[in-house]
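Asks: If you scroll down you'll find the structure; I have some questions about it.
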Amino acid sequence: MEMVRAIEEAEQRLEGIASTTPLQPSIRLSEQYGATILIKREDMQAVRSFKIRGAYNKIASLSPEDRKRPVVCASAGNHAQGVAFACAHLGIGGTIFMPRITPTQKIERVEHFGGELVEIRLVGDSYDESSAAAEEYCAQSQGIFVHPFDDLQTIAGQGTVGKEIFDATAGDVGMVIVPIGGGGLASGVASYIKGKNPAVVVVGAEPAGSPSMYESLKQGRIVELDEINTFVDGAAVRKTRQRTFDLCRRYVDRVVLLPEGKVCTTMIELYQNEGIITEPAGALALSALDDVADEIRGKTVVCVLSGGNNDVLRYPEILERSLVYLGRKHYFIIEFAQKPGQLRQFVDDALGPTDDIVRFEYIKKTNKERGAARAQHQDHGNDQCHKDGHVVGEVDRS
């Protein structure tokens, strides 16, 4: 119950700073799954994500003496915006380390919220590399490190999402699905929900390309991943920490892994059907509905849409990954004999009546008998690429 009290105190501290975001019913998803699906719209915060809650709660909790020291943090984008907002609001200087892969849109938003009080440093190719540099700098400058998830005040701030869910539903909810990166949001939400009603099932949704919490819970110890896929940048964490690991192990019923292509499909569906712009990490919880479909019929399910900071320039890649996942776009390599009629024969024999070649490359080699071509096949859906330097095909099945 200590964490529950900390979350309730955080809610008071955040009054007038963080919005009480709505639980938006989704008619489309409710009909699809035979349940009442509610979307917790954290993308509607001033910084377009839940991170303002934890960052502000941590910094506002600092003593007058500690507020004289520089604030330091590392973030893939959303936590950085929360820290920048808090620094500007409280008049505290800060240095924010961000991975070099961070979308430009998120960097610009940090600059907007922090103004002259915040310095941005782009270091490393992942959150973990950036965080290591930030912690080293913090020690050298005798600063205050504001961790995005490994801090009880940060976790308590994120946990106010869970309190709002509980208050809005009067605790009458069957399942809460929450995204997991480092685990701060999941830890806070699960701690409050389970502290108030242990019967509620809490499911974590984590990217398949960076399953640090999933593997840690599976093995019963903190696991550091050798490699991660950073596409879901807001949840791409190589190693969770002890606080979030312990809380998730105690309060999160299980974690499901979501392929990046599935996440992209969810993002596109949300935009096309509900007009909601979400970032990859923000779509994780809704992407998990297929994994729990058999359990939720007739129940109320809350999916936390954690953020909407998505760079519009990423949409071509998002669409591509979605088509790959759906099996509607294919890349392939073929070899043609270098004689007349070979392309025509390929088109006649390989393509269906609704297929379309959207890209074709032909590379003539010195070999007199055979040459290489490259094509791309799109079935208005999936994408599998094979590379051996010969022929790649791209075909569109509309």
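The values are calculated or read from the model by the stated rules, or taken from the named source; none is laboratory data. Treat the numbers as computed from the prediction; the structure is a model and nothing was measured. Here the Cβ is made from the backbone with ideal geometry for all residues, glycine too, and neighbour counts use every protein chain on show.
Asks: Failed condition for residue 372, given (1) touching a strand residue (DSSP E or B) at 6+ places or on another chain (Cβ under 7 Å); (2) modelled with pLDDT of 70 or more, with all others met?
Replies: Among (1) touching a strand residue (DSSP E or B) at 6+ places or on another chain (Cβ under 7 Å); (2) modelled with pLDDT of 70 or more, the lone unmet condition for residue 372 is (2).
Asks: Got a sec? Which helices (runs of 4 or more DSSP H) wholly within the range 275-342 have at least 3 residues that are more than 19 Å from residue 206 (Cα to Cα), in contact (Cβ under 8 Å) with a residue 40 or more places away in the chain and not aromatic (Phe, Trp, Tyr)? Please lay out each step first, then the result.
Replies: Numbers: elements: 284-287, 293-296, 315-326.
Answer list for the range 275-342: 315-326.
Per-residue answers, yes or no, for (1) closer than 29 Å to residue 132 by Cα; (2) out of contact with any Phe, Trp or Tyr (no Cβ under 7 Å at 6 or more places or on another chain):
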residue: 183; (1), (2): yes, no
residue: 194; (1), (2): no, no
residue: 198; (1), (2): no, yes
residue: 208; (1), (2): yes, yes
residue: 242; (1), (2): yes, yes
residue: 250; (1), (2): yes, yes
residue: 256; (1), (2): yes, yes
residue: 261; (1), (2): no, no
residue: 285; (1), (2): yes, yes
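Asks: Scan the range 251-273 for residues that are touching a residue at least 24 places away in the same chain (Cβ under 8 Å), surrounded by fewer than 16 Cβ atoms within 10 Å (Cβ to Cβ) and not in a loop (DSSP other than H, G, I, E, B) and jot them down.
Replies: Result: 254, 273.
Asks: Just checking, does the range 229-240 include any residue being without any contact (Cβ under 8 Å) to a residue 40 or more places away in the chain, within 26 Å of residue 320 (Cα to Cα) and under 12 Å from the mean Cα position of the chain (by Cα)? If you could, list the steps in order and put the result at the bottom.
Replies: Within the range 229-240, the subset without any contact (Cβ under 8 Å) to a residue 40 or more places away in the chain is 229.
From what's left, within 26 Å of residue 320 (Cα to Cα): 229.
Checking which are under 12 Å from the mean Cα position of the chain (by Cα) leaves us with 229.
Taking every residue of the range 229-240 in turn, at least one turns out to be without any contact (Cβ under 8 Å) to a residue 40 or more places away in the chain, within 26 Å of residue 320 (Cα to Cα) and under 12 Å from the mean Cα position of the chain (by Cα).
Asks: So in the range 193-237, with the set limited to residues that are assigned to a helix (DSSP H, G or I) and in contact with a Ser or Thr (Cβ under 8 Å, 6 or more places away or on another chain), which one is surrounded by the most Cβ atoms within 10 Å (Cβ to Cβ)?
Replies: First pass over the range 193-237, keeping only residues assigned to a helix (DSSP H, G or I): 193-196, 212-219, 233-235.
After this cut, where a residue has to be in contact with a Ser or Thr (Cβ under 8 Å, 6 or more places away or on another chain) as well, the list is 212-213, 216, 233-235.
Details: 212: 28, 213: 29, 216: 23, 233: 25, 234: 29, 235: 32.
Selected residue: 235.
Asks: Run down 30, 75, 19, 26 and say which single residue is within 21 Å of residue 110 (Cα to Cα) and not assigned by TED's automatic domain parsing to the domain that holds residue 127. Before you say what the answer is, go through the steps one by one.
Replies: Numbers: 30 fails: within 21 Å of residue 110 (Cα to Cα); 75 fails: not assigned by TED's automatic domain parsing to the domain that holds residue 127; 26 fails: within 21 Å of residue 110 (Cα to Cα).
After applying the criteria, what remains is 19.
Asks: Go through 17, 96, 27, 52 for me and flag whichever is out of contact with any helix residue (DSSP H, G or I) (no Cβ under 7 Å at 6 or more places or on another chain) and either of a type in the set (Val, Ile, Thr) or closer than 26 Å to residue 176 by Cβ (or both).
Replies: Details: 17 fails: out of contact with any helix residue (DSSP H, G or I) (no Cβ under 7 Å at 6 or more places or on another chain); 96 fails: out of contact with any helix residue (DSSP H, G or I) (no Cβ under 7 Å at 6 or more places or on another chain); 52 fails: out of contact with any helix residue (DSSP H, G or I) (no Cβ under 7 Å at 6 or more places or on another chain).
Exactly one of 17, 96, 27, 52 is out of contact with any helix residue (DSSP H, G or I) (no Cβ under 7 Å at 6 or more places or on another chain) and either of a type in the set (Val, Ile, Thr) or closer than 26 Å to residue 176 by Cβ (or both), namely 27.
Asks: Can you tell me how many residues within the range 34-47 are at pLDDT below 95 and surrounded by fewer than 23 Cβ atoms within 10 Å (Cβ to Cβ)? Give the derivation first.
Replies: Just the residues of the range 34-47 that are at pLDDT below 95, to begin with: 46-47.
Those still in the list that are surrounded by fewer than 23 Cβ atoms within 10 Å (Cβ to Cβ) too: 46.
Number satisfying all stated conditions: 1.
Asks: Residues that are in contact (Cβ under 8 Å) with a residue 60 or more places away in the chain and surrounded by 15 or more Cβ atoms within 10 Å (Cβ to Cβ): which strands (runs of 3 or more DSSP E) entirely in the range 49-152 hold 2 or more of them?
Replies: Values: elements: 71-74, 94-98, 118-122.
Output list reads 71-74.
Asks: Please go through the range 311-332 and give me each residue that is touching a strand residue (DSSP E or B) at 6+ places or on another chain (Cβ under 7 Å) and either modelled with pLDDT under 85 or over 30 Å from residue 232 (Cα atoms) (or both), ordered by number.
Replies: Listed by number, the residues that qualify are 328, 329, 330, 331, 332.
Asks: Scan the range 250-271 and tell me whether some residue there is of a type in the set (Phe, Trp, Tyr), touching a Leu at 6+ places or on another chain (Cβ under 8 Å) and at pLDDT 95 or above.
Replies: Initially, the range 250-271 is screened for residues of a type in the set (Phe, Trp, Tyr), giving 251, 271.
With touching a Leu at 6+ places or on another chain (Cβ under 8 Å) added as a condition, the list becomes none.
No, that holds for no residue.
Asks: Okay, next question. Report yes if residue 162 is over 26 Å from residue 100 (Cβ atoms) and under 20 Å from the mean Cα position of the chain (by Cα), otherwise no.
Replies: Values: over 26 Å from residue 100 (Cβ atoms): yes; under 20 Å from the mean Cα position of the chain (by Cα): yes.
Taking the combined requirement at face value, the residue satisfies it.
Quick grid of which residues meet (1) basic (Lys, Arg); (2) within 30 Å of residue 182 (Cβ to Cβ):
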{"site": "277", "(1), (2)": "no, yes"}
{"site": "292", "(1), (2)": "no, yes"}
{"site": "300", "(1), (2)": "no, yes"}
{"site": "321", "(1), (2)": "yes, yes"}
{"site": "345", "(1), (2)": "no, no"}
{"site": "349", "(1), (2)": "no, no"}
